[in-house]
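These notes concern the structure reproduced below.
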Amino acid sequence: MAQQRSDGEPIAFRHVDVFADRPYRGNGLVVMFCTTLAYTSEQLRTVTEEMRQFETIFVTEPRASRTVSARIFTVQEELPFAGHPVIGAAAALHERYAPEVTSADWQFVIQERSVPVMSVRDADYFSAAMDQGPPSYPATTADLRRGEFAAALNLTPQDLAPLPLQVVSTGLPYLIVPVTREGLARARIVAADFEARLAAIGAKFVYVLDANEREGRTWDNAGTVEDVATGSAAGPVAAYLCTHGLAAPDLPVHLRQGRFVHRPSSITVTLDADGHEWVGGPVRPVATGSLAAMPPRGPDRIGTRDVEP
């Protein structure tokens with residue numbers, strides 16, 4: 001039986017910074033501890049907008065085997081999956097529901113996808129890592145499109161590194177665009193139809209990568225918001241580096257992001273014996289609080305269905 005909706009109940013939350021060695025770095029996140037996820041998408045999107053963080057994740061109390069249901073929102077939409085919200089939520093859940101143990105295993109259920117996550121207490125709070133599964137390689141972009149994507153990213157062909165442009169996925173397909181150090185600083189999305197260009201080659205987003213420094217950048221497809229630390233891209237980037245002999249598969253791959261938006265971040269990717277990539281990093285506490293009540297129910301304008309756990 002579905003749980004009864006309780007729009008008027010206060011909801012506790014934890015504000016954390018993910019992929020950050022100390023607070024006020026990395027990717028900000030609000031974790032909402034809910035008794036039910038049976039709210040409209042518009043209600044949850046409105047809360048996300050109010051919190052003014054990069055993303056907000058709504059989680060239920062852990063069930064057997066520390067299984068939690070979750071929904072993830074940006075201010076525009078509900079996401080089928082995202083990296084830093086899952087990692088940050090695992091740390092916050094560990095603090096709230098398992099403070100007596102040093103390490104904990106979790107299962108996040110997000111739109112029927114189950115994601116294993118590990119959290120570990122460290123000297124400053126917690127670190128966490130999630131299993132993104134094995135990488136896949138939907139496409140390698142033909143050489144004749146190198147110039148096209150360079151121009152769409154405000155780059156010249158000379159800004160591209162002598163490596164292929166390639167689509168890699170561990171759930172979300174990213175077009176990896178290898179660039180020089182100067183190219184990384186200059187990169188930005190300038191093509192109005194950039195999302196359509198990505199879709200034509202089977203990609204959802206772009207990740208511009210300085211492979212020598214293992215530093216990258218990515219944006220929403222309109223080019224208006226640069227991401228601070230992109231967990232869903234870290235697995236594809238590490239797989240790309242290993243495939244092209246730029247990283248050893250038996251060693252952790254450390255990636256940097258966020259320098260250009262003054263939120264330096266660090267993500268670590270390790271490969272397990274089954275070929276699965278584990279993406280993680282440190283999480284740091286910022287604030288705790290309580291939402292007085294959910295916003296009133298209204299028209300569900302963003303096109304995603306209500307979820308009854």
Of the listed residues (LEU251, LEU246), the one being closer than 24 Å to THR140 by Cα and either touching a Cys at 6+ places or on another chain (Cβ under 8 Å) or not small (Gly, Ala, Ser) (or both) is LEU246
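Enumerate the strands (runs of 3 or more DSSP E) found wholly within the stretch 168-231, keeping only those where 2 or more residues are aromatic (Phe, Trp, Tyr).
Of the strands (runs of 3 or more DSSP E) lying wholly inside the stretch 168-231, those with at least 2 residues that are aromatic (Phe, Trp, Tyr) span 205-210.
Could you pull out the residue among ALA150, ALA129, ALA200, ALA192 that is more than 20 Å from the chain's Cα centre (by Cα), modelled with pLDDT of 95 or more and either under 23 Å from SER69 (Cα atoms) or open to solvent by 10 Å² or more (accessible area, probe 1.4 Å) (or both)? It would help to see each step written out before you state the result.
Details: ALA150 fails: either under 23 Å from SER69 (Cα atoms) or open to solvent by 10 Å² or more (accessible area, probe 1.4 Å) (or both); ALA129 fails: more than 20 Å from the chain's Cα centre (by Cα); ALA200 fails: modelled with pLDDT of 95 or more.
Only one candidate passes the filter, namely ALA192.
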Residue pairs qualifying under the 6 Å Cβ cut-off, at least six apart or on distinct chains, with the first in the stretch 39-56 being free of Cβ contacts under 8 Å to residues at least 40 places away in the same chain and the second being hydroxyl-bearing (Ser, Thr, Tyr) and surrounded by fewer than 20 Cβ atoms within 10 Å (Cβ to Cβ), are GLU55/THR74
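Out of everything in the stretch 204-237 that is aliphatic (A, V, I, L, M) and open to solvent by 10 Å² or more (accessible area, probe 1.4 Å), what residue ends up being farthest from the chain's Cα centre (by Cα)?
It comes out as ALA211.
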Note: among VAL261, VAL269, VAL286, just one is more than 16 Å from the chain's Cα centre (by Cα) and free of Cβ contacts under 8 Å to residues at least 40 places away in the same chain, namely VAL261
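Which is over 26 Å from HIS254 (Cβ atoms) and under 15 Å from the mean Cα position of the chain (by Cα), of GLU49, GLU42, GLU77?
On the way: GLU49 fails: under 15 Å from the mean Cα position of the chain (by Cα); GLU42 fails: under 15 Å from the mean Cα position of the chain (by Cα).
So the residue among GLU49, GLU42, GLU77 that is over 26 Å from HIS254 (Cβ atoms) and under 15 Å from the mean Cα position of the chain (by Cα) is GLU77.
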Among THR180, THR140, THR156, the single one that is at pLDDT 95 or above, more than 16 Å from the chain's Cα centre (by Cα), surrounded by fewer than 17 Cβ atoms within 10 Å (Cβ to Cβ) and hydroxyl-bearing (Ser, Thr, Tyr) is THR156
A careful count of residues in the stretch 54-74 that are of a type outside the set (D, E, K, R) and within 13 Å of the chain's Cα centre (by Cα) gives 6
If we keep only residues of the stretch 107-122 that are at pLDDT 95 or above and open to solvent by 70 Å² or more (accessible area, probe 1.4 Å), then the residue farthest from SER290 (Cα to Cα) is MET118
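Within the stretch 52-105, count every residue that is charged (D, E, K, R) and closer than 19 Å to ILE11 by Cα. Walk me through how you get there before you give the answer.
Step one: of the stretch 52-105, the residues charged (D, E, K, R) are 52, 55, 61, 63, 66, 71, 77-78, 95-96, 100, 105.
Still in the running and closer than 19 Å to ILE11 by Cα: 52, 55, 61, 63, 71, 95-96.
Selection size over the stretch 52-105: 7.
The rows are residues; the columns are (1) open to solvent by less than 20 Å² (accessible area, probe 1.4 Å); (2) at pLDDT below 95; (3) under 22 Å from PHE19 (Cβ atoms); (4) out of contact with any Gly (no Cβ under 9 Å at 6 or more places or on another chain).
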{"site": "GLU55", "(1), (2), (3), (4)": "no, yes, yes, no"}
{"site": "THR60", "(1), (2), (3), (4)": "yes, no, no, yes"}
{"site": "ALA64", "(1), (2), (3), (4)": "no, yes, no, yes"}
{"site": "ALA70", "(1), (2), (3), (4)": "yes, no, yes, yes"}
{"site": "HIS84", "(1), (2), (3), (4)": "yes, yes, yes, no"}
Practice problem: Kindly indicate whether any position in the stretch 245-252 is at pLDDT below 95, out of contact with any Phe, Trp or Tyr (no Cβ under 9 Å at 6 or more places or on another chain), open to solvent by 20 Å² or more (accessible area, probe 1.4 Å) and under 18 Å from PHE81 (Cβ atoms). | Solution: no
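Is it the case that some residue within the stretch 194-201 is out of contact with any strand residue (DSSP E or B) (no Cβ under 7 Å at 6 or more places or on another chain), among the hydrophobic types (A, V, I, L, M, F, W, C) and either farther than 14 Å from PHE149 by Cβ or in contact (Cβ under 8 Å) with a residue 24 or more places away in the chain (or both)?
Among the residues of the stretch 194-201, at least one is out of contact with any strand residue (DSSP E or B) (no Cβ under 7 Å at 6 or more places or on another chain), among the hydrophobic types (A, V, I, L, M, F, W, C) and either farther than 14 Å from PHE149 by Cβ or in contact (Cβ under 8 Å) with a residue 24 or more places away in the chain (or both), which makes the answer yes.
Going through GLU95, GLU9, GLU49 one at a time, which residue ends up being assigned to a loop (DSSP other than H, G, I, E, B), open to solvent by 20 Å² or more (accessible area, probe 1.4 Å) and over 19 Å from ALA229 (Cα atoms)? Before the answer, list the steps.
Details: GLU95 fails: assigned to a loop (DSSP other than H, G, I, E, B); GLU49 fails: assigned to a loop (DSSP other than H, G, I, E, B).
It is GLU9.
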Filtering the stretch 253-277 down to residues that are modelled with pLDDT of 95 or more, open to solvent by 40 Å² or more (accessible area, probe 1.4 Å) and hydrophobic (A, V, I, L, M, F, W, C) yields PHE260, VAL261
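Got a sec? Which of ALA90, ALA104 is at pLDDT 95 or above, in a strand (DSSP E or B), of a type in the set (A, V, I, L, M) and open to solvent by less than 10 Å² (accessible area, probe 1.4 Å)? Steps first, answer last, please.
Working: ALA90 fails: in a strand (DSSP E or B).
Result: ALA104 is the single residue among ALA90, ALA104 that is at pLDDT 95 or above, in a strand (DSSP E or B), of a type in the set (A, V, I, L, M) and open to solvent by less than 10 Å² (accessible area, probe 1.4 Å).
The values are calculated or read from the model by the stated rules, or taken from the named source; none is laboratory data. Small disclaimer: the values here were computed from a predicted structure and weren't measured. As a convention, Cβ positions derive from the backbone with ideal geometry for all residues, glycine included, and neighbour counts pool all protein chains shown. Accessible surface is based on the protein model in full, side chains and every heavy atom, while ligands, DNA and RNA are left aside. Shrake-Rupley method; radii C 1.70, N 1.55, O 1.52, S 1.80 Å.
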